[in-house]
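Scroll down for the structure; my scribbles are underneath it.
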Amino acid sequence: SQQGEEDPQALSIQEGENATMNCSYKTSINNLQWYRQNSGRGLVHLILIRSNEREKHSGRLRVTLDTSKKSSSLLITASRAADTASYFCATDVFSAGANNLFFGTGTRLTVIP
Amino acid sequence: DAGVIQSPRHEVTEMGQEVTLRCKPISGHNSLFWYRQTMMRGLELLIYFNNNVPIDDSGMPEDRFSAKMPNASFSTLKIQPSEPRDSAVYFCASSWGQGYSGTEAFFGQGTRLTVV
């Protein structure tokens, strides 16, 4: 399976702390993406990092990518209660003439006010 | 654009009945994905289309599941006959993928299916 795996499965932190989530995958990728899902809602794209990039920032989000280790991390700084959600990594793999998107198992983040 | 539109939002049906889920992707996108999400199995890719052509349906659990994309603006996922274990949230997503320059996927709000 090309599906990624997130670690940890669940994370609980205090508001203001930083949250770090990790993702590992198995095959060569075009890019890696992080998504957020609030309970009962669809997934929302957060950030995309291409295979030739090592780090990317967007607001309070920082993503790193290590293609040699086939791993990525998502850091949310100065967390807020509103950041409570599930976070998924997704790998974009080009095969059979098309782009496919494989999702990991997700990390459930709870930010305690 | 209104985003990816799925219908219905909720569906409750009896075991053995046929269920049809619908999806309208974002105009201009050339890739469409159907996912199923459950607590036990997480987010599973069922099938994806590129330029209306099914590329990989290896995630379709059984022959009871079928998906079509008759044109660039519409796709259906059909379950016939439905079973209680099919109960899940089904998501449709679309994206613009161009070889090694794939981009983000946009998800619909999902269809919550309950088979009793």
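The values are calculated or read from the model by the stated rules, or taken from the named source; none is laboratory data. This is a predicted model, so every value here is computed, not measured. Heads up, the Cβs are rebuilt from the backbone with ideal geometry, glycines too, and the neighbour counts pull from every protein chain shown.
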The lone exception for B:GLY42 - which of (1) on the phi > 0 side of the Ramachandran plot; (2) modelled with pLDDT under 90; (3) loosely packed, with under 14 Cβ neighbours inside 10 Å it fails: (3)
Within region A:37-81, residues among the small types (Gly, Ala, Ser) and touching a residue at least 12 places away in the same chain (Cβ under 8 Å) come out as A:SER39, A:SER51, A:SER58, A:SER71, A:SER72, A:SER73, A:ALA78, A:SER79, A:ALA81
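Could you list, in sequence order, the residues of region A:25-41 that are within 9 Å of another protein chain (Cβ to nearest Cβ) and modelled with pLDDT under 90?
Pass one, region A:25-41, residues within 9 Å of another protein chain (Cβ to nearest Cβ): A:30-31, A:33, A:35, A:37, A:40-41.
Correct list: A:ASN30, A:GLY40, A:ARG41.
Among the strands (runs of 3 or more DSSP E) confined wholly to region B:21-116, which include 2 or more residues that are under 16 Å from A:PHE103 (Cα atoms), in contact (Cβ under 8 Å) with a residue 24 or more places away in the chain and not charged (D, E, K, R)? Step through it out loud before you land on a result.
Details: elements: B:31-38, B:42-50, B:53-56, B:65-71, B:74-79, B:88-95, B:111-115.
In region B:21-116, the matching strands (runs of 3 or more DSSP E) lie at B:31-38, B:42-50, B:88-95.
Identify, from the list B:ARG36, B:ARG9, the residue that is among the basic types (Lys, Arg) and surrounded by fewer than 16 Cβ atoms within 10 Å (Cβ to Cβ).
Details: B:ARG36 fails: surrounded by fewer than 16 Cβ atoms within 10 Å (Cβ to Cβ).
The match here is B:ARG9.
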If A:ASN22 satisfies all but one of (1) outside any loop (DSSP other than H, G, I, E, B); (2) surrounded by fewer than 21 Cβ atoms within 10 Å (Cβ to Cβ); (3) of a type in the set (S, T, N, Q); (4) within 14 Å of chain B (Cβ to nearest Cβ), what's the number of the condition it fails? (4)
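Taking the conditions exactly as written (surrounded by 15 or more Cβ atoms within 10 Å (Cβ to Cβ) and either within 14 Å of another protein chain (Cβ to nearest Cβ) or in contact with a Ser or Thr (Cβ under 8 Å, 6 or more places away or on another chain) (or both)), does A:GLU6 satisfy them or not?
Judged against the criteria, A:GLU6 is a match.
Which strands (runs of 3 or more DSSP E) sit wholly inside region A:29-72 and have at least 2 residues that are touching a Lys or Arg at 6+ places or on another chain (Cβ under 7 Å)? Even if it seems obvious, please write down each step before you answer.
Values: elements: A:31-37, A:43-50, A:55-58, A:61-66.
So the answer is A:43-50, A:61-66.
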Selection over region A:51-108 where residues are exposed (fewer than 14 other Cβ atoms within 10 Å of the Cβ) and either hydroxyl-bearing (Ser, Thr, Tyr) or within 12 Å of chain B (Cβ to nearest Cβ) (or both) yields a count of 6
Listed residues B:ASP57, B:ASP63, B:ASP86; which is more than 9 Å from chain A (Cβ to nearest Cβ), acidic (Asp, Glu) and surrounded by 19 or more Cβ atoms within 10 Å (Cβ to Cβ)? B:ASP86
